[in-house]
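Down below is the structure, laid out as structure tokens.
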Amino acid sequence: IGRSCACYNLRRAARATTRLYDDFLRPSGLRSTQYSMLMVARVLGPVTLTKLAEMTVTERTTLTRNLTILEKKGLIVVEPGKDRRERQVSITERGLEVLKEAIPLWEAAQEHIEQGLGGDRMDNLLRDLSEIISLSRDR
């Protein structure tokens, strides 16, 4: 394991990055995973659970657990979709308010990473990460 294992190093980097964003987002009461789900629900909403799981690359059980927390906080609603077999997620007015408070905090975390890496390295990193996600779907 160590320097040559992509999985090990990506997971370490993901945990460290999640911790950093969680620290920045703490005043909003959101964790980085919750922020991401709210943002996807805002941009795509209403969005089916299947699409939300796909967009966030989240297992269905983990997604449901995270959505339950957001629903209890009144930030989203989960209800039957057009196809009754599928459920869809919509952001609430309260969710939009919390997201509005969280966006500058997220931007500060993003700026911290960008400042540390520099613009070119950040662009390369994002491109490489997108490619890794594509590779995981193409197998």
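If we count every other residue with Cβ under 14 angstrom of residue 2's Cβ, Lys/Arg +1 and Asp/Glu -1, where does the sum land? Around residue 2, the surrounding residues sum to +3. The mean accessible area for residues of the chain, using a 1.4 Å probe and ignoring ligands and nucleic acids, is 69 Å² per residue. Excluding same-chain neighbours fewer than eight residues apart, the lysines reachable from residue 100 by a Cα-Cα span under 28 Å are 51, 72, 73.
Among the GluC sites (Glu not before Pro) found in region 1-90, those both in a DSSP coil and sparsely packed, with 13 or fewer other Cβ atoms within 10 Å of their Cβ, are 59, 86.
For residue 48, which sequence-distant residues (separation of 5 or more, or a different chain) have an amide H within less than 5 Å of its own amide H, given hydrogens modelled in the peptide plane? Residues meeting the criterion, in which the H sits 1.01 Å from N, are 89.
Among the helices of the chain, those built from whole DSSP H runs whose Cα atoms reach 15 Å or more along their own axis and whose mean Kyte-Doolittle hydropathy is at least -0.5 are 6-25, 32-44, 93-117, 119-137. Heavy-atom surface analysis with a 1.4 Å probe gives region 73-127 a carbon and sulfur content of 51 percent of its accessible area. Are there trypsin sites (Lys or Arg not before Pro) in region 1-66 that DSSP puts in a loop and that have at most 13 other Cβ atoms within 10 Å, and which ones? Answer in residue order: 3.
The values are calculated or read from the model by the stated rules, or taken from the named source; none is laboratory data. Source: prediction; values computed, not measured. In this analysis, Cβ positions are derived from the backbone assuming ideal geometry, glycine residues included, and neighbour counts consider all displayed protein chains. We work out accessible area using only protein heavy atoms, side chains counted, and drop any ligands, DNA or RNA first. Shrake-Rupley method; radii C 1.70, N 1.55, O 1.52, S 1.80 Å.
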